[in-house]
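To start, the structure itself, in structure tokens.
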Amino acid sequence: MENVQNRGHLLTEQVNPNSENLDLLSSLELVDLFNQEDAKTLSAIANAREPLAAAIDRTAEALGHGGRLFYVGAGTSGRLGVLDAAECPPTFCTPPELVQGIIAGGAGALVKSSEDLEDRFEDGEAAIAERHITDLDVVVGITAGGTTPFVMGAVEAARSRGATTIFVSCVPATQAIANVDIDIRLLVGPEILAGSTRLKAGTVTKMALNILSTGVMVKLGKVYGNRMIDVAVTNSKLRDRAQRIIAALTDLDRKDCDALLERSGLSVKLALLMHWTGLDREAALALLEKNQGNIRACVESQNSNKD
């Protein structure tokens, strides 16, 4: 384990010369400085576009073959992974086990600081073992400074089990080496508040995870155009959204959209497929299963059969 006294060289721990007089700034000057520094997240994402794209492709392939996606982190990084995982079921109607977040300290660390637990390499290894991770799975280690023992233990354990490993960090590879399949470096520079990686580093990490999970779900056929056709209809807001999606993609009025949604069992994807093909719910379900849930493939297969 790396001695904590040796981490001052890391990019995320260095002092930002643009904020040396931070405590002397007016509130408006503070906002402007944050805005200027946060703009660097966009170029950081752009510079990581190729590994991000590779991560989307590898993860979509793995999940399409029965694998799962795990985010592993501590502190802010861990909370961001748990957040992204938690948002997949309502947005894409995925089972909760498909995308999971693992945070040092467990659920309690989401609301109470447990940063001391990030130093336990063996806990990261144990987290991988407890979830029976295999070569079908994808494990994303998230650590702004690139050295968190909990994350490194998890990534090494996942790699030994044959899982696809992805590393997300905000320091260059020369400062923190990671033996992984895909290495994503989001270099936003030193924080306004030195060492506080919940700021730019946290923001750019959230952006990267948004891109990764949404890109994967697009590849898995959970999106049609730019509509979330696998949205879980679990409350009035989401039912309204489901009706609007169906209305936008068909010639139906809202009343007929709602009736179609009911017949489909509150599935936007199934409702659209039933409308476009004339199939009943059971036949549409069978067609979706045959085409791995991809509605475009379903419609194309039906059209080719008619020809």
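Taking 0.36 nm per residue of separation and subtracting the current Cα-Cα distance, fully stretching the chain between N235 and D253 would add 4.4 nm. For the pairs K112/K219; K40/K222; K40/K206; K206/K269, flag any whose C-alpha to C-alpha distance is greater than 24 Å. Among K112/K219; K40/K222; K40/K206; K206/K269, the Cα-Cα distance tops 24 Å for K112/K219; K40/K222; K206/K269.
In the chain, a dipole from Cβ-located charges (positive for Lys and Arg, negative for Asp and Glu) runs towards its positive end, and of G124, G265, S236 it is G265 whose Cα lies farthest in that direction.
With charges set only on the Cβ (+1 for Lys and Arg, -1 for Asp and Glu), what does the dipole of the range 7-137 come to about its Cα centre, in debye to the nearest 20? Show your work: numbers first, answer last.
Details: 9 positive and 23 negative charges, 64 e Å.
Roughly 300 debye, rounded to the nearest 20.
Calculated on C-alpha atoms, the gyration radius of the range 153-292 divided by its Kirkwood radius gives an Rg/Rh of 1.16.
The Stokes-Einstein estimate for the range 236-306, based on a Kirkwood radius over Cα pairs and taken at 37 °C with 0.692 mPa s viscosity, is a diffusion coefficient of 270 µm²/s. On the principal axes of its alpha carbon atoms, the chain extends 68, 49, 36 Å, with the longest extent given first. Placing +1 on the Cβ of every Lys and Arg and -1 on the Cβ of every Asp and Glu, with no other charges, gives the chain a dipole of roughly 940 debye about its Cα centre. Across the range 142-155, computed HN-Hα scalar couplings (Karplus, 6.51 cos²θ - 1.76 cosθ + 1.60, θ = phi - 60°) run 10, 8, 3, x, x, 10, 4, x, 4, 5, 4, x, 5, 5 Hz from first to last residue, x flagging Gly and Pro. Protection proxy ranking for 28-34, 141-147, using the average of other Cβ atoms within 10 Å per residue and placing the highest first: 141-147, 28-34. Here the Karplus curve 6.51 cos²θ - 1.76 cosθ + 1.60, taken at θ = phi - 60°, turns the phi angles of the range 211-223 into couplings of 5, 5, 5, 5, x, 4, 5, 4, 5, 8, x, 8, 9 Hz, with x standing for Gly and Pro.
Before rounding to the nearest 500, sum -39500 (n - 2.57) across all DSSP H runs of length at least 4 in the chain and divide by the residue total; then give [θ] at 222 nm in deg cm²/dmol.
On the way: 12 runs with 152 residues, N = 307.
Taken over the chain, the calculation gives -15500 deg cm²/dmol.
Of the trypsin sites (Lys or Arg not before Pro) in the range 104-191, which ones lie in a loop per DSSP and count no more than 11 other C-beta atoms within 10 Å? For trypsin sites (Lys or Arg not before Pro) across the range 104-191 that sit outside H, G, I, E and B with at most 11 neighbouring Cβ atoms in 10 Å, the list reads K112. The HN-Hα couplings worked out from phi for the range 74-82 by the Karplus form 6.51 cos²θ - 1.76 cosθ + 1.60 (θ = phi - 60°) are 10, x, 4, 4, x, 5, 5, x, 5 Hz, whole numbers, x standing for Gly and Pro. Taking amide hydrogens as placed 1.01 Å from N in the peptide plane, the amide H of G101 sits under 5 Å from those of Y71, each at least 5 positions away in sequence or on another chain. Centre-to-centre, using Cα atoms only, the range 224-243 and the range 19-85 are separated by 26 Å.
Placing a pseudo-label 7 Å from each Cα along the Cα-to-Cβ vector at T174 and V31 gives an inter-label distance of 3.9 nm.
I need the shape label for the range 138-218. Rule: rounded when a/c is under 1.5, else prolate if a/b > b/c, else oblate, with a, b, c from the alpha carbon gyration tensor. It is oblate, given that a/c is not under 1.5 and a/b is not larger than b/c.
Multiplying the residue separation of H132 and L42 by 0.36 nm and removing their Cα-Cα distance gives an extension gain of 28.8 nm.
Only the coordinates and a few stated rules stand behind these numbers; no lab work does. All values derive from a computational prediction rather than experimental measurement. Using ideal geometry, Cβ is built from the backbone for each residue, glycine included, and neighbour counts are taken over all protein chains shown.
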